[in-house]
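Novice: One structure, pasted below without further comment.
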């Protein structure tokens, strides 16, 4: 006997209502696929855990909303003298109760990346302070001359997002004369390689993407440095902008591509670091950036 479709629909509705009256919960909806993303490059996403092919960081599910932390910097002695060792102490504080943060994620094999740049852009350091159990990072350094230094801290508090915070340190005395940077794309000889730079567009424009192609010679023996095929720090000539980034495309071949969006029309000194045969090579280039005309 053929049962009318209307009767079947009514029966289904009645049984559903009966289930509700009996306290039965409706069948759960199928779970949606979890999205895994890179905390440093959130546009790198996927349905499976793993590592970011761009920067090497571990993908995480459910990246929290970005919240800015604070970083205290104490220098001992408070007025460091040129060529005299000084201790730099960093304390990261949470933005809710101002408590010292003691748990950090490892980023590129380190808990804390520190960059130091001098006022004349001739002194550059990329190194890693030592972590103490009370939440203090410390690093001993002798600054080479009087003047202003910019100190950039790069770290990743557990349960947060990666942070970049800059501080200023002044060394008493006669500072170096003002600098005037001009375009410098010349090939650089470093410890055991040559580094060349080509940009696209040839004239970088503020607020738009600039593709920066670095080519190293010889190409064989290139290795990852701190978990990435390269590291870059870009500093504006007035030391206001400090940007730390990693390759957009790199696979161990002699050409490494970085993508950069320069925030202002200035001249930027760009340091890049590549490792070959166990040796870290550092080269710098000066990149003029113009406004869109």
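Novice: I'd like the FRET efficiency for residue 217 and residue 82, computed as 1/(1 + (r/R0)^6) with the beta carbon distance as r and R0 of 45 Å, rounded to 0.05.
Specialist: 0.75
Novice: Which value in deg cm²/dmol, rounded to the nearest 500, describes the helix-derived mean residue ellipticity at 222 nm for the chain, given -39,500 (n - 2.57) per DSSP H run of n ≥ 4 and division by the residue count?
Specialist: My calculation for the chain gives -2000 deg cm²/dmol from helical runs alone.
Novice: Related question: Which three extents, in whole angstrom, do the alpha-carbon atoms of segment 188-288 cover along their principal axes, largest first?
Specialist: Answer, in whole Å and largest first: 37, 23, 23 Å.
Novice: Now, a different point. So what's the angle, to the nearest 10 degrees on a 0 to 90 scale, between helix 5-21 and the longest Cα principal axis of the chain?
Specialist: 70 degrees
Novice: With every atom except the alpha carbons ignored, what do you get for Rg and Dmax of segment 73-134, in angstroms?
Specialist: 14.0, 39
Novice: Over segment 109-184, what per residue volume does the convex hull of the Cα atoms give, in whole Å³?
Specialist: 127 Å³
Novice: Now, a different point. If you look at just the Cα atoms of the chain, how large are its Rg and its Dmax in Å?
Specialist: Taking only Cα atoms of the chain, I get Rg and Dmax of 26.0, 103 Å.
Novice: Here is a follow-up. In the P(r) worked out for segment 184-232, what percent of Cα pairs fall beyond 11 Å? Please report the intermediate quantities before stating the final value.
Specialist: Working: 874 of 1176 pairs.
In whole percent, the long-distance tail amounts to 74.
Novice: Can I ask one more? With N denoting the number of residues in segment 87-230, provide Rg(C-alpha) divided by 2.2 N^0.38 Å, to two decimal places.
Specialist: Details: Rg = 18.4 Å, N = 144, 2.2 N^0.38 = 14.5 Å.
Taking N as the residue count of segment 87-230, the ratio is 1.26.
Novice: Pull out the extension gain between residue 105 and residue 125, defined as 0.36 nm times the separation in residues minus the alpha carbon to alpha carbon distance; nm, one decimal.
Specialist: That works out to 5.0 nm of additional length.
Novice: If each residue of separation counts as 0.36 nm, what is the full-extension length gain between residue 184 and residue 265 once their alpha-carbon separation is subtracted?
Specialist: On the way: separation 81, 0.36 × 81 = 29.16 nm, distance 1.62 nm.
Extra length from residue 184 to residue 265 when fully extended: 27.5 nm.
Novice: Same structure again: Tell me the label-point distance for the pair residue 200, residue 91, using the 7 Å Cα-to-Cβ offset, in nm and rounded to one decimal.
Specialist: Simple spin-label model gives 4.9 nm for this pair.
Novice: Starting with the fewest neighbours, write out 52, 38 ranked by other beta-carbon atoms found within 10 Å of each beta-carbon.
Specialist: 52, 38
Novice: Taking the Cα atoms of segment 36-146, report the difference between the largest and smallest coordinate on each principal axis, in whole Å and largest first.
Specialist: 53, 35, 21
Novice: Determine, from the Cβ-Cβ distance of residue 286 and residue 164 and an R0 of 30 Å, the FRET efficiency 1/(1 + (r/R0)^6), rounded to the nearest 0.05.
Specialist: 0.85
Read the figures in this text as sums done on the coordinates, not as results from a lab. Since we're looking at a predicted model, the values are computed, not measured. Positions of Cβ are backbone-derived with ideal geometry, glycine not excepted, and every protein chain shown enters the neighbour counts.
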